[in-house]
Amino acid sequence: MSQTSYDTPAAATVSPLPSSGAPPRHRWWILTVIGVAQLMVVLDSTIVNIALPSAQKDLGFSDGDRQWVVTAYALAFGSLLLLGGRIADLFGRKITFLVGLVGFAGASALGGAANGFEVLVAARVGQGLFGALLAPAAMSLLTTTFTDPKERARAFGVYGAIAGAGGAIGLLLGGVLTEHLDWRWTLYVNLVFAGAAFLGGALLLRRSHRDKTTSLDIPGAILVGGGLFSLVYGFANAESHDWSSPQTWGWLVAGVVLLAAFTVWQTRSSHPLLPLRVLLDRNRGASFMAVLISGAGMFGVFLFLTYYLQQSLGYSPIETGLAFLPMTGALVISSALATSVLIPRIGPKPVVPLGMGLAATGMVWMTALDLHSSYATDILPALVVVGLGLGLVMPPGMSLAVTGVDAEHSGVASATVNAMLQVGGSIGTALLNTLATSAATDYLTGKDPRDPAVQAHAGLEAYSTAYWWSAVFFAVGLVVSVILYRRGVPEHDPDASPVVHM
């Protein structure tokens, strides 16, 4: 496994990674299995969105209830990720991965067969719960399977591309299934993904033994789970309540307090859920921040451009999904370039800020879109620029966030990356929705809201506001990554992967 060389005080001590023997012979097939599982988890955050109108009509729930089909998944997934990562470390990554697949498939089947709103929401909670087991176990398996630095770079290039492009693939697949089959198939399709990944995982993955010398940090799990739940729930409430409402700021304050208490507790616990040394390295901390900010900014693309294409330009669900494919292709190309060529040669400091800058530029470009914009000349170039930028940010960020972490804590480090992406997405959704709605309301002041032309231009005002603020997120990410990332290429030792205890 790779080693990252850090400038540390003389008193620092290093915990080496126990030898795990030769790398698995079928490791590239294992990457395929992990990739299928990751794709299922990532696309589930968008595939259901495009089917919501059909589900709402079929099950008869209100517009106010509609957001909970999305939020229920985010709440369970985001708040339980760190616990899921630690469970993978303690009880074995293979068994955690397989249990997560079975549970996710079962919850998806329940959601597809739902005969009412309550059952659908319960199924989405179940998906989030088992996704919180599955996602960190998958990333941890990737970390421990690919021990050669060059091979790991290529593997994380693929994994990061899936994480970044999964949302767009979900939009396309959701559009195809909803338009040609039924909204329920946006949930049933997970049985195909889970079945293929389970079969491959059962045959190819190595079984790791439980470490009986350590125990689960229950108080830490309660504090961090409660803190993340409160944050996600507070931001979700911002969409349906005013920011001054206790339902919004009360939950956000509670989340901050609980996470602060969790941080203090981790310094005192004998078996901490998330050892703070995992977070304190500069490159790793910069990577966590890059993933968090990218998660917030990406929703300006997926969410509001989807609205724009369907409501302003009249695209069908399938056409909307197809429109995002060039962005996905650009993301895959730049992610491979970043992880295999640029990071090993010049390090992350110039690469990640460049990606943030490109993404910000693409979002600013989108602010000029109007009711007569052409896909080829106006929308496509902006999407490609954003895709190139995300490819330079997401895969390197995910890879560097777990580099240098010992095997004992690879699961919880992987979970932290996923939690950053999830919390970032929740923050982005709430802030951008609120700002866009306010912009549309301001535009309608003094105008006839019944006039279709006025409504259409109010929508454009909302989308443009969301794009501007997404650009601001990425600009902040540029500054943060320039400040935090170290200069130069991380040095690797193929025989060890130490964690530095500061």
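The values are calculated or read from the model by the stated rules, or taken from the named source; none is laboratory data. Computed from a prediction, not measured in an experiment: that's the story for all the values here. Neighbour counts are summed over all protein chains in view; Cβ atoms, including those assigned to glycine, are modelled from backbone coordinates with ideal geometry. Just the protein is used for accessible areas: all its heavy atoms, side chains included, with ligands, DNA and RNA removed. Shrake-Rupley method; radii C 1.70, N 1.55, O 1.52, S 1.80 Å.
Before moving on, here are some points about what is shown:
- Test: residue in the stretch 347-366 that is farther than 17 Å from S287 by Cβ, touching a Leu at 6+ places or on another chain (Cβ under 6 Å) and either open to solvent by less than 10 Å² (accessible area, probe 1.4 Å) or not in a helix (DSSP H, G or I) (or both): no
- All conditions in (1) open to solvent by less than 50 Å² (accessible area, probe 1.4 Å); (2) over 14 Å from the mean Cα position of the chain (by Cα); (3) within 26 Å of I318 (Cβ to Cβ); (4) at pLDDT 80 or above hold for V33, with the sole exception of (3).
- Subset of the stretch 169-183 (residues that are of a type in the set (S, T, Y) and surrounded by fewer than 23 Cβ atoms within 10 Å (Cβ to Cβ)): none
- Residue satisfying all of: in the stretch 367-382; farther than 17 Å from A475 by Cα and part of a helix (DSSP H, G or I); least open to solvent (accessible area, probe 1.4 Å) among these: I379
- So I333, is it of a type in the set (V, I, T), in a helix (DSSP H, G or I) and open to solvent by less than 10 Å² (accessible area, probe 1.4 Å): no
- Residues of the stretch 420-471 satisfying the condition of being of a type in the set (V, I, T) and either in contact with a Leu (Cβ under 6 Å, 6 or more places away or on another chain) or part of a helix (DSSP H, G or I) (or both): V423, I427, T429, T434, T437, T441, V454, T465
- Among the residues making up the stretch 361-377, a single one is more than 15 Å from S464 (Cβ to Cβ) and within 23 Å of the chain's Cα centre (by Cα): T361.
- Counted residues, the stretch 108-128 - those being assigned to a helix (DSSP H, G or I), open to solvent by 30 Å² or more (accessible area, probe 1.4 Å) and in contact (Cβ under 8 Å) with a residue 60 or more places away in the chain: 1
- For the stretch 219-248, taking the residues that are at pLDDT 80 or above and among the β-branched types (V, I, T), the one that is farthest from G35 (Cα to Cα) is identified as T248.
- Restricted to helices (runs of 4 or more DSSP H) entirely inside the stretch 219-323, those with at least 3 residues that are of a type outside the set (K, R) and within 30 Å of G347 (Cβ to Cβ) are 277-280, 282-307.
Rundown of residues vs (1) within 18 Å of A401 (Cβ to Cβ); (2) under 19 Å from the mean Cα position of the chain (by Cα); (3) open to solvent by less than 30 Å² (accessible area, probe 1.4 Å), yes/no style:
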{"position": "S244", "(1), (2), (3)": "no, no, no"}
{"position": "G255", "(1), (2), (3)": "no, no, yes"}
{"position": "F262", "(1), (2), (3)": "no, no, yes"}
{"position": "T267", "(1), (2), (3)": "no, no, no"}
{"position": "P275", "(1), (2), (3)": "yes, no, yes"}
{"position": "A286", "(1), (2), (3)": "yes, yes, yes"}
{"position": "M289", "(1), (2), (3)": "yes, yes, no"}
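- Cross-chain or 6+ apart pairs with Cβ under 6 Å, the stretch 472-483 first and open to solvent by 60 Å² or more (accessible area, probe 1.4 Å), then among the aromatic types (F, W, Y): none
- Of the residues making up the stretch 138-149, at least one is polar (S, T, N, Q), assigned to a loop (DSSP other than H, G, I, E, B) and either modelled with pLDDT of 90 or more or more than 20 Å from the chain's Cα centre (by Cα) (or both).
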